[in-house]
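Each value in this text was obtained by applying a stated rule to the coordinates, not by laboratory testing. Just so you know, these numbers come straight off a predicted model, no measurement behind them. Note: ideal-geometry Cβ built from the backbone for every residue, glycine included; neighbour counts use all protein chains shown.
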Amino acid sequence: MSYTYTRKVNYYETDMMGVVHHSNYVRYLEEARCAWIESMGIPMQYIESKGYTIPVLEVNIKYKNHITLGETIAIGINLIEYNGVRMTISYDVKDVKTGKVVIEASTKHCFTNKELRPVNIKKCDEEINTKFESIYTEYTINK
């Protein structure tokens, strides 16, 4: 399941030239990722209430074009790796008006307990694993 999150660029996210500051893209990825997980029916609050966290291990961003104040971006998300302990998510951020790719990015994550010790969600939580497993399976079939 590919998921798309759309948002408008806010004034406070831009520099004096009206261009989005590069550091804000990490926030955009997190917003999109949280909305994507919520769309699966397992919002972050629910995951955390079950005693799990999904910390970021790595962020990779390739800046292709800039985006400016008032423009709208669409963030396409795909789960490209998943094994129950770790996962990798890819993002394509595009300018909605022009269709130009603004950034290409990926984030790597792991599942942990509240003490930040890695857990295998496949063994610990069938419900959460089933959601991620089905999305990953769909991605591998469709790629």
Item checked: For the chain, the fraction of alpha-carbon pairs in successive 5 Å shells from zero, as % -> 2, 10, 19, 22, 18, 13, 9, 6, 2, 0, 0
Next item on the list: Measure out, as a whole number of angstrom, how far apart the alpha-carbon centroids of region 1-62 and region 97-143 sit.
Entry: 13
Check: When only C-alpha pairs under 8 Å and at least 6 residues apart count, what is the relative contact order of the chain, in percent?
Finding: 27
Item checked: Residue order, fewest to most beta carbons within 10 Å, for Tyr82, Tyr139 -> Tyr139, Tyr82
Check: Taking springs between alpha-carbon atoms closer than 10 angstrom, which of Arg117, Arg33, Arg86 fluctuates most in the Gaussian network model of the chain?
Finding: Arg117
Margin query: Can you sort Cys124, Cys110 from fewest to most other Cβ atoms within 10 Å of each residue's own Cβ?
Written below: Cys124, Cys110
Notebook entry, point to check: Of the cross-linked pairs Lys64/Lys143; Lys108/Lys143; Lys100/Lys131; Lys64/Lys131; Lys50/Lys94; Lys94/Lys122, which ones have a Cα-Cα span greater than 27 Å in the structure shown?
Noted result: Lys100/Lys131; Lys64/Lys131; Lys50/Lys94; Lys94/Lys122
Checklist line | Residue order, fewest to most surrounding Cβ atoms within 10 angstrom, among Met16, Met44 | finding: Met16, Met44
Notebook entry, point to check: With a ≥ b ≥ c the root eigenvalues of the C-alpha gyration tensor of region 21-96, is it rounded (a/c under 1.5), prolate (a/b larger than b/c) or oblate?
Noted result: prolate
Note to self: Between helix 24-39 and the chain, what is the angle of the helix's C-alpha long axis to the longest principal axis, kept within 0 to 90° and rounded to the nearest 10?
What the structure shows: 50
